[in-house]
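First up is the structure itself, then whatever we jot down about it.
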Amino acid sequence: MARRLHEPVYIETYERGELDTRIEQLEAILEECTLCPRECGVNREKDERGYCNSGRSLKVSSVQPHFGEEPVLVGTHGSGTIFLTNCNLGCVYCQNYDISHLGYGRVMTEAELATQMLKLQNRGCHNINLVTPTHFTPQIVKALKIAIEKGLHIPLVYNCGGYESCRTIELLEGIVDIYMPDMKYGDNATAKRYSNAGDYVERCFAAVKEMHAQVGDLKIDERGLAWRGLLIRHLVLPNGLAGSESVMKFIATELSKDSYVNIMAQYRPMYRAFEYKELSRYIRMAEYREVIAIARRYGLHRLV
């Protein structure tokens, strides 16, 4: 059977029978959950809940073509976004707090999720974009297998907050086509204060390094669409709170100067941000331009 150009990596993994092994390994983690750096150790197979407030059942907030993502994901028919409910971070300025903190969404079986993936593909979406997938990784991969067997053939995007376990990311090798992590902070004290993640920097940097080792720099086809690689997001926070220089230095020196980086200017004070004076305003354009200048100074040139 002829291969499609830029066929998703998960097809080959499925065909050689490795996907079943990964599903077993990921599901075993749920019995004493260490999917993320929180390592709560709860038995989610028995519906126990840790920091992310998620048990055995998959919970989804929305499924839709999205036209507000990066142009290399959106194309002409949109990125097929699946917003997962709950989160392993505790960002006080979360713009999706109703989903991530308040738990808005509905329970969905793996078979139902697979059906939703196929519906997005049938609507012409260029990829399946899993938003905040970390805590539901086993269920997602199980759903992926079902979808593959019914004809799924578009890239899989792992769109995460950057607070990841290297072990979980290692188990996704040969499954994820495009990793799209946030790199939120360059300083742990700040990460602790605003996201309740005092080891964010080392966890994030190590995980992103593993992602890059698996998929390399972002690759874009003749239509201008990403089909494999790493796409990094960095949200500029007011008053330099994101530690942007440390993040840009890491990307340029530890990953690649050809890294594709979306430096985002859309911060707005949401959720509990007004409880923190230093977070209670929009960023200034000068602050955004300063981060762009830092990135260029380190040799980063694929900036969005």
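The set of residues in the stretch 220-236 that are over 15 Å from the mean Cα position of the chain (by Cα) and either without any contact (Cβ under 8 Å) to a residue 24 or more places away in the chain or under 16 Å from G174 (Cα atoms) (or both) comprises E222, W227. Scanning the stretch 79-113 for residues that are touching a Cys at 6+ places or on another chain (Cβ under 7 Å) and of a type in the set (A, V, I, L, M, F, W, C) yields one hit, C87.
Would you call P138 closer than 30 Å to E275 by Cβ and either without any contact (Cβ under 8 Å) to a residue 60 or more places away in the chain or crowded, with 24+ Cβ neighbours inside 10 Å (or both)? In short, no.
If I ask for residues that are more than 14 Å from T132 (Cβ to Cβ), under 18 Å from the mean Cα position of the chain (by Cα) and among the aliphatic types (A, V, I, L, M), which ones from the stretch 162-196 would you list? Listed by number, the residues that qualify are I169, L171, L172, I175, V176, I178, M183, A191. Screening the candidates T168, T115 for the property of being surrounded by fewer than 24 Cβ atoms within 10 Å (Cβ to Cβ), among the polar types (S, T, N, Q) and either free of Cβ contacts under 8 Å to residues at least 40 places away in the same chain or closer than 19 Å to H77 by Cβ (or both) yields one hit, T115.
If I filter the stretch 150-159 for residues that are under 23 Å from Y260 (Cβ atoms), small (G, A, S) and surrounded by fewer than 24 Cβ atoms within 10 Å (Cβ to Cβ), do I get at least one hit? No. Return yes when V60 is touching an Asp or Glu at 6+ places or on another chain (Cβ under 7 Å) and aliphatic (A, V, I, L, M) and no when it is not. Taking the combined requirement at face value, the residue does not satisfy it.
Since every read-out is calculated from the coordinates, none of them should be taken as a lab result. Source: prediction; values computed, not measured. Please note: Cβ atoms are built from the backbone with ideal geometry, for glycine as well, and neighbour counts cover all protein chains shown.
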